[in-house]
1. If the Cβ limit is 8 Å and pairs must be 6+ apart or interchain, which residue in region 1-26 that is within 22 Å of Asp45 (Cα to Cα) and in a loop (DSSP other than H, G, I, E, B) pairs with which residue that is modelled with pLDDT of 70 or more and aliphatic (A, V, I, L, M)?
2. Consider only pairs whose beta carbons are under 8 Å apart and that are at least six residues apart or on different chains; among these, list those whose first residue lies in region 130-146 and is loosely packed, with under 13 Cβ neighbours inside 10 Å and whose second residue is part of a helix (DSSP H, G or I).
3. Restricting attention to region 5-32, and to residues there that are aliphatic (A, V, I, L, M) and open to solvent by less than 80 Å² (accessible area, probe 1.4 Å), which single residue is farthest from Arg80 (Cα to Cα)?
4. Output the residue which, of all residues in region 33-48 that are among the charged types (D, E, K, R) and assigned to a helix (DSSP H, G or I), is least open to solvent (accessible area, probe 1.4 Å).
5. Test each condition in (1) among the polar types (S, T, N, Q); (2) touching a residue at least 24 places away in the same chain (Cβ under 8 Å); (3) over 28 Å from Phe134 (Cα atoms) for Gln89 and report the one that comes out false.
6. Are there helices (runs of 4 or more DSSP H) fully within region 95-185 with at least 3 residues that are at pLDDT 80 or above? List them.
7. Those residues that are of a type in the set (D, E, K, R) and either in a helix (DSSP H, G or I) or open to solvent by less than 40 Å² (accessible area, probe 1.4 Å) (or both), I need them from region 49-93; list them, please.
Amino acid sequence: GSADLSWVKESDPDTLHWIKKFQHWAKINTYVNRIMSGDISVLPDYVEYMAGEKEIFAELLNIIEVANRYNVDVDHILQRFEPQIAAYQEPSSSDMYTQQVLPEEYVRFWYKMAKYSLNKGRYPYGFECLINAFEKAVTINHGILIANCIGLFERYKAYAAPEILARYDLWERNDQKDGFNLSDG
């Protein structure tokens, strides 16, 4: 396999440390590839790995992607990492996370969370996630992600509370005022 490092002859602690790290990394990579191709059996192992990590943003992104792609219920996983997810919702501008993670990935995460929640009929939380995604997409001025958010909103519009609809109308008016109309495409 790709993690066979028997060719490395050094046995000093430093080298052994890196061999361990590499094998660990290769294993995680295998999990991700298997999960992404629909093999859910390794999900518990992946979650155990996540539990030991400080930063799990990328992993959560993978999990929510798989949930949406293969219609898998990942509620138990989202519940387990609820504190981290809540922390991502209101990142302070000074923390490492905000500076290191691309805002674009951040938008994708909330968009995928919105899709997952709306799909499950959890409309208030779903729309909360969607607004989060939309406003960040506007901030970084990412056309495709803005359009995705609006598309998702249109699909579930019937379930939106009045105050959500009011905000949506405001967005649409702003778009027209700026000279481009997103509902055309």
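1. Here the result reads Gly1/Ala26; Ser2/Ala26; Ala3/Ala26, each pair linking region 1-26 to a residue that is modelled with pLDDT of 70 or more and aliphatic (A, V, I, L, M).
2. Short answer, once both residue conditions are applied: Thr139/Pro103.
3. Of all residues in region 5-32, those aliphatic (A, V, I, L, M) come to 5, 8, 16, 19, 26, 28, 32.
Filter once more, so that each one left must be open to solvent by less than 80 Å² (accessible area, probe 1.4 Å): 5, 8, 19, 26, 28, 32.
Details: Leu5: 35, Val8: 39, Ile19: 31, Ala26: 25, Ile28: 19, Val32: 19 Å.
Looking at the filtered set, the residue picked out is Val8.
4. Taking region 33-48 and keeping what is among the charged types (D, E, K, R), we get 34, 39, 45, 48.
Going one step further and asking which of them are assigned to a helix (DSSP H, G or I), we end up with 34, 45, 48.
Values: Arg34: 96, Asp45: 75, Glu48: 111 Å².
Restricting to residues being among the charged types (D, E, K, R) and assigned to a helix (DSSP H, G or I), the top hit is Asp45.
5. Of everything listed in (1) among the polar types (S, T, N, Q); (2) touching a residue at least 24 places away in the same chain (Cβ under 8 Å); (3) over 28 Å from Phe134 (Cα atoms), Gln89 misses just condition (3).
6. Numbers: elements: 96-100, 103-119, 123-139, 143-156, 162-177.
In region 95-185, 103-119, 123-139, 143-156, 162-177 are the helices (runs of 4 or more DSSP H) which contain 3 or more residues that are at pLDDT 80 or above.
7. Filtering region 49-93 down to residues of a type in the set (D, E, K, R) leaves 53-55, 59, 65, 69, 73, 75, 80, 82, 90.
Glu59, Glu65, Arg69, Asp75, Arg80, Glu82, listed by residue number.
The values are calculated or read from the model by the stated rules, or taken from the named source; none is laboratory data. Please read all numbers here as calculations on a predicted model, not as lab measurements. Virtual Cβ from ideal backbone geometry, glycine too; neighbours counted across all protein chains shown. The protein model used for the area step is the full one, side chains on, heavy atoms only, and it has no ligands, DNA or RNA in it. Shrake-Rupley method; radii C 1.70, N 1.55, O 1.52, S 1.80 Å.
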